[in-house]
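The values are calculated or read from the model by the stated rules, or taken from the named source; none is laboratory data. Remember, predicted model here, so these are calculated numbers, not experimental data. Reconstructed Cβ throughout: ideal geometry from the backbone, glycine too, with neighbour counts over all protein chains shown.
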Amino acid sequence: MNGRHVASKAEIAEQSAGSQEFVDHFLHPDRNDAGRYPSGITLLKNAAVQYHRAPIVLPWLNEQTQRMAYYVVPRRREQLTSVRDLLVAFVGPSLAKYGYDVPVALDKPHEAPILERYGAGSTFFVQATTNQEERKRLRSALERMVKVVERSPERAWSAPKPLGRLLADFEVALLSGAPQAAKTLLQQINRQGGLSPANVKHLEIRLLTAQGRANDVLSLRGLREVLLQDPPVPVKDMVLSALFTAQIEPALTEGKLAGAVDALKAPDSHFSLLADGDLLSFSEQAVTVLLVGMYGRGDGEELSRSIALLDAEGRGDLVPDVLASYRRKVVPAGVMDAEPAEPDTTTAEPEPEDGSATVSLTTWAEIVKAVAQGNKAAFDLCRTMDARQDDTPAPLEAVSDGEMAEVFADLTDTEYEAVWQYALGPFLQELTRSNITFCQTLTTIMRSIVNQRCDPANLAVLDLLLELFLRSAPKAAEYEEFLEQLSVRFDEWVAPETAGQALDFVDRLVARAAPAPTARVQTAQLLLGPLHVHMRRLDEAYLSTARSISNELELGLDWPERAPSENVESEPVVGAAQILVYGLDEGVLQRVQDRITRQFPLVKVVLSTEKVASKHLKDAARNSDFSVMITQCAAHAATNCIGQYAKEIVYPRGAGSASVTHAAITALYEHAAKQQEQSA
């Protein structure tokens, strides 16, 4: 026996009856026009009830708008990643326009039964093209998929990765601006096991925070249990920041300090579980919440002392105006020594007997070496730096590019895995937030990545490495070497399914000065070549970007205006609209704006690189039809602000202009289609 539960005949019969009722309800002709054509849905309808391993595929049709799609639901939650892989393999961009790789939000009225039965994040919405022949091919492909899966031997759909590597991939996916990849990795971590439920919740909180979903953080199931276990400072900080965005900041903006206090006293705020710790270890928003909490407890002395401490540390601007009266005009002698807060030790590892925790780590070379050797003090230091949300560089002495490159080059495979898990994310984050240029080091890191399997997390890291490298104004020889290494194994991953990543790479090359123009053109040709061969499988947004890049580089590649399968006449017309595009790379934002406004003259594109929740950012998010958020190294104050005020948020797959443009254009068509449905 393999240990799995084997359902009895009675259980199977009960499950089939429930499935039959659900399917009949969803496909009823009064609710779903697909139900009026039984001959076209019989196979999928029967498979949804009778099959037990293949995913459920439910047709959906709106004859008024001529929109045809399929809802694809895994039988079990842990099969979400494998079903996505199946859809990419059987459908992909050849037969479907959208939805085959990212679960749908399930926010429409007719989707309520799916949401109730299977939950949020459970379902793919595979949208068909408007071409009748293409629709038949899509239906045939989905029918073939369910039959093949049901009849094939049961198998594991992905090779397991070590837990440490999954955690590292999760961190760098967030750092690289690939939240969808991070979400997939989190599902794999949860499914594979090895982490406590509380630690999985910590990762979920981090993902939601990176996406600016403050309300979702506060309503997260099991949050109180997580906080009762006294989580690490970064987790507390993220929850406090969510409290600020959702409850405290609106009240303070209106000058209603009492309202802010009442919000913290509400049982569902969980503030009582967050009100301790070293004040200086928290971010701006978290500090504000803690100060309001001190006022709410009536502890004026503690509040006054905390404000004095912030003033002494040069962080006095964090004190809200409504609490300024508690600021002492003169800091009393010894205030820094009065009742010092106990240091937070929630993330510290037990000190090893060899005393390695006492080793002084003052350069990045020392930190990376210590992590490679298993020094737990180095692990803690990396966690601390990884949790910072400000732009203040870590207090570390400078190290030369050559020395740093040599450290990475000398790592063994085992040591590199440890460095990837603990140190690579903080190191790249430090480079991203500083003006340090490490051309040799970036080339060395990139060389170690390209020889691995190019999954979404690795591609996101490669894109970040390319961005950092090009920002450093490399010399011609360095430029040629980096691109030569980057070009290794392109043929193993460049395909229509990864068109966004490939186009992001080329677009970064176009946007930056090229000290070796020939190397840039050759690399662009290598990346665009496979896409040009399969250009009929690319949608309009990718074709537009590919055409623009090819023209800028004078590559002589002809790209069609749209894929041959797309029907121009039935495509929703994009009219007047306003969208907000947020990110920290002004060059990327400008290229996105230029491409969208060139294709859609009636669309107003508002750009923002702000790191604080300013009035301008609030107004832009509130007044836009939707917001496109690049999460790469974004400040939580800004992302939480957008998450609180935006009508809808779109997350691109990557941080490059091709991915962002594609996400924006796709959302514009979706917005136009919704308006068309509402007016029908």
Tell me which residues, restricted to the range 650-680, are more than 17 Å from S544 (Cα to Cα) and of a type in the set (F, W, Y).
-> Y651
Which of the residues spanning the range 537-552 are touching a residue at least 40 places away in the same chain (Cβ under 8 Å) and surrounded by fewer than 23 Cβ atoms within 10 Å (Cβ to Cβ)?
-> R537, D539, E540, S544, S548, E552
With criteria (1) in contact (Cβ under 8 Å) with a residue 60 or more places away in the chain; (2) at positive phi, G314 comes up short on (1)
Would you please list the contacts, defined by Cβ atoms under 7 Å and residues six or more apart or on different chains, that run from a residue in the range 418-446 that is over 18 Å from C382 (Cα atoms) and not assigned by TED's automatic domain parsing to the domain that holds S472 to a residue that is acidic (D, E) and modelled with pLDDT of 85 or more?
-> F438/D401; C439/D401; C439/E478; Q440/D401; T441/D401; T443/E481
Might you let me know whether the range 648-667 holds any residue that is farther than 28 Å from E171 by Cβ and of a type in the set (D, E, K, R)?
-> no
Every pair of residues 6+ apart whose Cβ atoms lie under 6 Å, when the first sits in the range 452-475 and is under 18 Å from S434 (Cβ atoms) while the second is among the basic types (K, R) and not in a helix (DSSP H, G or I) = L470/R512
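Results for (1) within 21 Å of L459 (Cα to Cα); (2) at pLDDT below 90; (3) of a type in the set (F, W, Y), shown as yes or no for each residue.
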{"site": "A638", "(1), (2), (3)": "no, yes, no"}
{"site": "Y645", "(1), (2), (3)": "no, no, yes"}
{"site": "I649", "(1), (2), (3)": "no, no, no"}
{"site": "S659", "(1), (2), (3)": "yes, no, no"}
{"site": "I665", "(1), (2), (3)": "no, no, no"}
{"site": "E670", "(1), (2), (3)": "no, yes, no"}
{"site": "A673", "(1), (2), (3)": "no, yes, no"}
{"site": "Q676", "(1), (2), (3)": "no, yes, no"}
Can you name every residue in the range 207-243 that is within 25 Å of G583 (Cβ to Cβ) and either over 22 Å from the mean Cα position of the chain (by Cα) or of a type in the set (D, E, K, R) (or both)?
-> R213, D216, D237
Considering (1) under 14 Å from V574 (Cβ atoms); (2) crowded, with 23+ Cβ neighbours inside 10 Å, say which one Q676 fails and leave the rest.
-> (2)
Would you tally the residues in the range 623-658 being assigned to a helix (DSSP H, G or I), of a type in the set (A, V, I, L, M) and more than 17 Å from L503 (Cβ to Cβ)?
-> 3
Residue check, G212 in contact with a strand residue (DSSP E or B) (Cβ under 9 Å, 6 or more places away or on another chain), touching a residue at least 24 places away in the same chain (Cβ under 8 Å) and of a type outside the set (S, T, Y) = yes
Name the residue, out of A258, A251, A246, that is surrounded by 15 or more Cβ atoms within 10 Å (Cβ to Cβ), of a type in the set (A, V, I, L, M), without any contact (Cβ under 8 Å) to a residue 60 or more places away in the chain and under 30 Å from G296 (Cβ atoms).
-> A251
Counting just the residues of the range 27-72 that are crowded, with 18+ Cβ neighbours inside 10 Å and in contact with a His (Cβ under 8 Å, 6 or more places away or on another chain), which one comes out nearest to L95 (Cα to Cα)?
-> W60
In the range 397-414, what residues are part of a helix (DSSP H, G or I), within 20 Å of S360 (Cα to Cα) and charged (D, E, K, R)?
-> E403
A613 meets each of (1) touching a strand residue (DSSP E or B) at 6+ places or on another chain (Cβ under 8 Å); (2) among the hydrophobic types (A, V, I, L, M, F, W, C); (3) touching a residue at least 60 places away in the same chain (Cβ under 8 Å) with one exception, condition (1)
Here the residues within the range 437-471 that are crowded, with 17+ Cβ neighbours inside 10 Å and outside any helix (DSSP H, G or I) are F438, C454
Right, E150: modelled with pLDDT of 80 or more, in a helix (DSSP H, G or I) and touching a His at 6+ places or on another chain (Cβ under 8 Å) or not?
-> yes
Is the range 313-323 home to any residue that is at pLDDT below 85, part of a loop (DSSP other than H, G, I, E, B) and not aromatic (F, W, Y)?
-> no
One residue from V660, V581, V588 being farther than 23 Å from A105 by Cα, β-branched (V, I, T), buried (at least 24 other Cβ atoms within 10 Å of the Cβ) and under 19 Å from the mean Cα position of the chain (by Cα) = V588
In the range 8-36, the residues that are hydroxyl-bearing (S, T, Y) and at pLDDT 90 or above | none
Considering every residue within the range 248-258, establish whether at least one is farther than 20 Å from G314 by Cβ, among the basic types (K, R) and more than 26 Å from the chain's Cα centre (by Cα).
-> yes
